[in-house]
Amino acid sequence: GNSNEFKACFKLNFTVTYHDADGGNADVSTDALDYGTTTPTAPSWTRGGYALSGWTPSPSPTVTADVTYTAVWKIDLDPAFSSKLITVGQLSRLTGSGTASGAQADKLVTMGQLARLTGKQAPAEDEKGKLVTVGQAYSVV
């Protein structure tokens, strides 16, 4: 017999994009990447008051498909500011829950108030009266 053999070869090229939804950096895309090549290095973006904490989804070591990795930012507090006690007015601005006014705005926030204002789990009874630092407030908001 006479047999004919056909081979189909496909060259797959993909695009990897690094995207910044919140920080204002322009997308960085690399086109025409072959399947299995090393994923391009992520850009080292900066954003005032924030630190780049990673990407979502987490970048794959190799290219296997078209993909967009989105920057994940966390608030980067100055350590000197982070340890200061937070007032009711500052917390209401941080949470976007309206604005406290007058004498109330200048009162320091306790752990119990923080739980009520943010809808987070109430602290242990012996923790409720402790004052909250800016850093603690940012970590739960």
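The values are calculated or read from the model by the stated rules, or taken from the named source; none is laboratory data. Note that this is a predicted model, so its numbers are computed, not measured. Positions of Cβ are backbone-derived with ideal geometry, glycine not excepted, and every protein chain shown enters the neighbour counts. Keep in mind that these areas ignore ligands, DNA and RNA; they rest on the heavy atoms of the full protein, side chains included. Shrake-Rupley method; radii C 1.70, N 1.55, O 1.52, S 1.80 Å.
Yes or no, residue by residue, for (1) modelled with pLDDT of 80 or more; (2) surrounded by fewer than 15 Cβ atoms within 10 Å (Cβ to Cβ); (3) assigned to a strand (DSSP E or B); (4) on the phi > 0 side of the Ramachandran plot:
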{"site": "F14", "(1), (2), (3), (4)": "yes, no, yes, no"}
{"site": "G23", "(1), (2), (3), (4)": "no, yes, no, no"}
{"site": "T30", "(1), (2), (3), (4)": "yes, no, yes, no"}
{"site": "A42", "(1), (2), (3), (4)": "yes, no, no, no"}
{"site": "W55", "(1), (2), (3), (4)": "yes, no, yes, no"}
{"site": "S60", "(1), (2), (3), (4)": "yes, yes, no, no"}
{"site": "K74", "(1), (2), (3), (4)": "yes, yes, yes, no"}
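Of all the listed residues (Y69, Y35), the sole one being surrounded by 15 or more Cβ atoms within 10 Å (Cβ to Cβ) and among the aromatic types (F, W, Y) is Y69. Among residues of the range 107-128 that are within 14 Å of L85 (Cα to Cα) and assigned to a helix (DSSP H, G or I), those with a Cβ under 8 angstrom from a residue that is among the small types (G, A, S) and open to solvent by less than 100 Å² (accessible area, probe 1.4 Å), sequence gap 6+ or separate chain, pair up as M111/G129; L114/A137.
Based on what the data block shows, is G48 exposed (fewer than 10 other Cβ atoms within 10 Å of the Cβ), out of contact with any helix residue (DSSP H, G or I) (no Cβ under 7 Å at 6 or more places or on another chain), on the phi < 0 side of the Ramachandran plot and free of Cβ contacts under 8 Å to residues at least 60 places away in the same chain? Spelling it out, G48 is indeed exposed (fewer than 10 other Cβ atoms within 10 Å of the Cβ), out of contact with any helix residue (DSSP H, G or I) (no Cβ under 7 Å at 6 or more places or on another chain), on the phi < 0 side of the Ramachandran plot and free of Cβ contacts under 8 Å to residues at least 60 places away in the same chain.
Scanning the range 131-141 for residues that are surrounded by 14 or more Cβ atoms within 10 Å (Cβ to Cβ) and not in a helix (DSSP H, G or I) gives V132, T133, V141. Candidates in the range 115-127 are the residues that are surrounded by 15 or more Cβ atoms within 10 Å (Cβ to Cβ) and not β-branched (V, I, T); of these, the one that is modelled with the lowest pLDDT is L117.
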